[in-house]
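Undergrad: Here it is, the structure in full.
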Amino acid sequence: MSGLLRIRWAIAPAIAPRPLINCNRCGGIRSYRCSEKFRVNANGKRIDAWLIYRCTGCDNSWNFTIFERCNRRDIEPKLLAALESNDPALARRHAFDATALRSRIGRIEEFPDVAVRKELLDGGPDCAAALWVELRLDAATPLRLDGLLAGELGISRSRLQAWDDRRLLVVEPDGARALRRPARDGMAIRIDLGGEADREAVVSAACG
């Protein structure tokens, strides 16, 4: 049982962050969901663009500013076309930018739901005694690393912590206390499974 199994997990957050706004129709703080639609306004050579959000209670709208009074010649034609056509990839990129959203509105609601696609990079599952899991995220997620690993490997968080304490689990580049932090793009997790009775089940789960 020697060998290192290298796997890449491509992680896509499933639900975009939602700003918490005082809705003048509902009469209180409500979460607003991204509509995946842009609004573009041209005033002469000046362009304004917003990503439209809708109140989850009454469908009232709120606009998240992308451009404000920007000269048309300073905007790439492809980008302007993407805004005008409600390009899904562009809408997703802005919708999942929690930092920009928080800086504009202050309070946001975040969700840990993710979809994980697993790709074998090197090694064979049948002879693997250790895992090397590389994380690739297309957007930030509040999901803690221990929650991600526990869910995808089918084990408990306490077992992960025990592995960490015994140095059977190592996270790069964050190291100590990484398990309690959100999963991030570029993280790599090595797990030594050589002495684990359920090694085959954990390896199988890691491969998906």
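The values are calculated or read from the model by the stated rules, or taken from the named source; none is laboratory data. Because the structure is predicted, anything quoted here is derived from the model rather than measured. Cβ sites come from the backbone with ideal geometry, for glycine too, and all protein chains shown count toward neighbours. With ligands, DNA and RNA removed, areas are computed over all heavy atoms of the protein, side chains included. Shrake-Rupley method; radii C 1.70, N 1.55, O 1.52, S 1.80 Å.
Undergrad: Positive end of the charge dipole of the stretch 57-142 (Lys, Arg +1 and Asp, Glu -1 on Cβ, about the Cα centre): tell me which of Ala91, Ala128, Ala115 has its Cα farthest that way.
TA: Ala91
Undergrad: With each pseudo-label sitting 7 Å past Cα toward Cβ, what's the Leu120-Arg177 distance in nm, one decimal?
TA: About 3.8 nm, to one decimal.
Undergrad: The stretch 1-46: Rg/Rh from Cα coordinates, Kirkwood Rh?
TA: 1.36
Undergrad: As a test question: what accessible area, to the nearest 10 Å², does Ser85 have when a 1.4 Å probe is rolled over all protein chains in place?
TA: For Ser85, the solvent-accessible surface is approximately 80 Å².
Undergrad: Would you list, by chain and number, the lysines whose Cα falls below 23 Å from the Cα of Lys37, excluding same-chain residues fewer than 8 positions away?
TA: Within the straight-line limit of under 23 Å, Lys37 reaches these lysines: Lys45, Lys78.
Undergrad: Students sometimes get this wrong: rank Arg73, Arg177 by accessible area, probe 1.4 Å, all chains present, largest first.
TA: The ordering from most to least exposed comes out as Arg73, Arg177.
Undergrad: Quick one: what do you get for the stretch 105-173 if you divide its Cα Rg by 2.2 N^0.38 Å?
TA: Computed over Cα atoms of the stretch 105-173, the ratio equals 1.33.
Undergrad: I've got another one for you. Met187's amide H: which non-local residues (gap 5+, or another chain) put their own amide H closer than 5 Å, with H modeled 1.01 Å from N in plane and none for Pro or chain starts?
TA: Those lying under 5 Å, H to H, from Met187 are Leu135.
Undergrad: How much accessible surface area, in Å² rounded to 10, belongs to the heavy atoms of Trp62 with a 1.4 Å probe?
TA: About 40 Å², rounded to the nearest 10.
Undergrad: If you roll a 1.4 Å probe over the heavy atoms of the protein chains, what accessible area per residue do you get for the stretch 1-98, in Å²?
TA: Heavy-atom SASA per residue in the stretch 1-98 reads 56 Å².
Undergrad: What residue among Val116, Val40, Val133 shows peak mean-square fluctuation when the chain is described by a Gaussian network model with Cα springs under 10 Å?
TA: Val40
Undergrad: Each residue of the stretch 66-83 in turn: what ³J(HN,Hα) in whole Hz from Karplus with 6.51, -1.76, 1.60 and θ = phi - 60°, glycine and Pro shown as x?
TA: 9, 10, 9, 6, 8, 5, 3, 5, 8, 10, 4, x, 5, 5, 4, 5, 5, 5
Undergrad: Could you order Arg39, Arg199 so the one with the most accessible surface comes first? Probe is 1.4 Å.
TA: Solvent-accessible surface, decreasing: Arg39, Arg199.
Undergrad: Quick check: with the 1.4 Å probe, what order do Ile21, Ile15 take by accessible area, largest first?
TA: Ile15, Ile21
Undergrad: Build a GNM of the chain with springs between Cα atoms under 10 Å: which of Gly106, Gly175, Gly44 gets the top mean-square fluctuation?
TA: Top of the fluctuation ranking is Gly44.
Undergrad: Here are several values of Cα extents along the principal axes in Å: (1) 69, 40, 25; (2) 50, 35, 34; (3) 72, 45, 33. Which one was derived from the coordinates shown?
TA: Matching entry in (1) 69, 40, 25; (2) 50, 35, 34; (3) 72, 45, 33: (1).
Undergrad: Take the alpha-carbon centre of the stretch 104-183, take the same for the stretch 1-51, and report the distance between them in whole Å.
TA: Here the answer is 23 Å between Cα centres.
Undergrad: Mean-square fluctuation check for the chain, GNM, Cα pairs under 10 Å: which of Asp164, Asp138, Asp48 is largest?
TA: Of Asp164, Asp138, Asp48, the most mobile in the Gaussian network model is Asp48.
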